[in-house]
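The values are calculated or read from the model by the stated rules, or taken from the named source; none is laboratory data. Everything numeric in this text was worked out from a predicted model, so none of it was measured. Quick reminder, even Gly has a Cβ in these numbers, built from the backbone with ideal geometry, and neighbours come from all protein chains shown. Note: accessible area is taken over every heavy atom of the protein model, side chains too, but ligands, DNA and RNA are not part of it. Shrake-Rupley method; radii C 1.70, N 1.55, O 1.52, S 1.80 Å.
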Amino acid sequence: MVVLTKPGIDHFPIVKNCRSSSFFNGVPLIDLSKPDSINLIVKACEEFGFFKVINHGVPTEFITKLESEAIKFFSSPLSDKQKAGPADPFGYGNKKIGPNGDVGWVEYILLSTNSEFNYHKFASILGVNPETIRIAVNDYVSAVKKMACEILEMLAEGLNIHPRNVFSKLLMDEKSDSVFRLNHYPPCPEIQQFSDNNLIGFGEHTDPQIISVLRSNNTSGLQILLKKGHWISVPPDPNSFFINVGDSLQVMTNGRFKSVRHRVLANSVKSRLSMIYFGGPPLSQKIAPLASLMEGEESLYKEFTWFEYKKSAYKTRLADNRLVLFEKVAAS
C-alpha cells in the first residue's frame, strides 16, 4: 500500500492499489433477537472488533427523518454551511479533521449528546424550527444509545461479568461524554481517471470511546483492517447497524476485545452519508482492565481517566497508536 497525493484534488491523501472493489463477505451479522447472539457478539469482538446487527429495535422513522434533514443540510451552499462552523470541537467542519493536520474528502457535523446544543444555526440554514432538528437528533440518538447499551450488557453477560451493566452504566450516566457525528463524503469524479488509486475520505484510525454505532446509506467506502494487516472493503448495508469496539473497551477487557482500525474511501460518483454514535464514559471515569477478567493475568495497561486519554488522543494524528502511551510494557 502506498499513500501519495495528486495535484488537482487539493493534495488530499490517495491510497494506491488498495483493491477496494472486492468486498469482504465475512463481516459477522448478528440477529439481536436470537438466543445465540450473546456468544456471537463476544466472538466477533475478539476476532474483528467489528460486526453488524439486525433486529436492533431502532425505529425506521427515526433513521429516515434524521437522514433527510442531514441530506438537506449537506446539500446547502458551502457559504451557508460554514455559518454553523468551525467545529471547535462541535459544529460544522469541512475537510480538516482534528487540530493536527489530518485532512479528508469529508464534511461533517459533530454534536455533544449530553449538553444543550444550539441548533439555531442549523435550523436557519434549513429554514425550519430549531425544535424540529433537536427532536430528530434526540430521537435517533436515544434509540441508538439504548441499542448500544443492550449490546454492552450482552457482552458483559457473555464474559460472565457482574453486574451486567458494568459497561452500559458508563453510557447511561448523565455525565457520559458521548458524541454524535454526521459525515458526508461528496462524490469526487476526478478520481475516476486514476483507476488504481482511491481518495481518502477519512483516514485510518481507531475510535477512542467504548463503543461506536454506525449507520450509512447504500454507498461503499468503509474499510477495516484485519489482524493479518490486510484492508478489506465492507459491503454497504443501510438496513443494519455496524458496531465498532473502541480503545476504552479494549483496555477494560485487557486486550481480549480489539479496537478495530478503519477508514473510509471517497466515491467517484455517489455521495456517502454516515451517522455515528460514539458512546463514551464520564470524563472522570477511571479506565483499566476489569479485575474479574484478569484471572491471574498481568494488566496490559496503566489505569487512566477518560479525560486523560481523550486529552492525549486529541494531540495525536488519526493513524497514531493512541494506546501505546498507556501500555505497561511501554512504561517499563
Inset, instruction - Please give the number of the condition Lys310 fails out of (1) in contact (Cβ under 8 Å) with a residue 60 or more places away in the chain; (2) closer than 18 Å to Cys45 by Cα; (3) of a type in the set (Lys, Arg). - result: (2)
Legend entry - Counted residues, the stretch 97-128 - those being surrounded by 16 or more Cβ atoms within 10 Å (Cβ to Cβ) and at pLDDT 85 or above: 13
Inset, instruction - Give me a count of the residues in the stretch 180-217 that are modelled with pLDDT of 95 or more and among the charged types (D, E, K, R). - result: 4
Legend entry - Residue among Ala87, Ala44 that is at pLDDT 95 or above and open to solvent by less than 70 Å² (accessible area, probe 1.4 Å): Ala44
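Look at Tyr140 and say whether it is modelled with pLDDT of 90 or more, closer than 19 Å to Ser274 by Cα, under 17 Å from the mean Cα position of the chain (by Cα) and not in a helix (DSSP H, G or I). Spell out the reasoning first.
Details: modelled with pLDDT of 90 or more: yes; closer than 19 Å to Ser274 by Cα: yes; under 17 Å from the mean Cα position of the chain (by Cα): yes; not in a helix (DSSP H, G or I): no.
It is false that Tyr140 is modelled with pLDDT of 90 or more, closer than 19 Å to Ser274 by Cα, under 17 Å from the mean Cα position of the chain (by Cα) and not in a helix (DSSP H, G or I).
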Inset, instruction - Please specify each residue of the stretch 1-33 satisfying the condition of being surrounded by fewer than 16 Cβ atoms within 10 Å (Cβ to Cβ) and modelled with pLDDT under 50. - result: Met1, Val2, Val3, Leu4, Thr5, Pro7, Arg19, Ser21
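Among the residues of the stretch 231-246, which ones are closer than 15 Å to Arg263 by Cα and without any contact (Cβ under 8 Å) to a residue 60 or more places away in the chain? Walk me through it before giving the result.
The first filter runs over the stretch 231-246 and keeps only residues closer than 15 Å to Arg263 by Cα, leaving 231-236, 242-246.
Residues satisfying the conditions are Pro236, Gly246.
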Legend entry - Among residues of the stretch 123-148, those that are in contact (Cβ under 8 Å) with a residue 60 or more places away in the chain and of a type outside the set (A, V, I, L, M), counted: 5
Inset, instruction - Give the stretch 314-332 a look and list any residue that's more than 17 Å from Lys258 (Cβ to Cβ) and either in contact with a Ser or Thr (Cβ under 8 Å, 6 or more places away or on another chain) or of a type in the set (Gly, Ala, Ser) (or both), or say none. - result: Leu325, Lys328, Ala330, Ala331, Ser332
Inset, instruction - Go through (1) without any contact (Cβ under 8 Å) to a residue 60 or more places away in the chain; (2) surrounded by 23 or more Cβ atoms within 10 Å (Cβ to Cβ) and name the single condition Lys228 misses. - result: (2)
Inset, instruction - Determine the pairs where a residue that is closer than 20 Å to Val166 by Cα, located within the stretch 293-305, has a partner that is of a type in the set (Ser, Thr, Tyr) and open to solvent by 80 Å² or more (accessible area, probe 1.4 Å) with Cβ atoms under 9 Å apart, the partner being 6 or more residues away or on another chain. - result: Thr305/Ser284
Inset, instruction - Give the residues of the stretch 103-129 that are assigned to a strand (DSSP E or B) and over 20 Å from Phe278 (Cα atoms), sorted by residue number. - result: Val103, Trp105
Legend entry - Residue under evaluation Asp36, criteria (1) modelled with pLDDT under 90; (2) over 25 Å from Tyr277 (Cβ atoms), criterion not met: (1)
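Would you please name the residue that is farthest from Tyr140 (Cα to Cα), looking only at residues in the stretch 269-327 that are of a type in the set (Ser, Thr, Tyr) and loosely packed, with under 13 Cβ neighbours inside 10 Å?
Ranking the qualifying residues of the stretch 269-327, first place goes to Ser292.
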Legend entry - Where a residue in the stretch 59-71 is open to solvent by less than 90 Å² (accessible area, probe 1.4 Å) and its partner, wherever it lies, is β-branched (Val, Ile, Thr), with Cβ under 8 Å and at least six apart: Leu66/Val137; Glu69/Val128; Glu69/Thr132; Glu69/Ile133; Ala70/Ile109
Legend entry - Single unsatisfied condition, Gly279 versus (1) farther than 24 Å from Cys149 by Cα; (2) touching a Ser or Thr at 6+ places or on another chain (Cβ under 6 Å): (1)
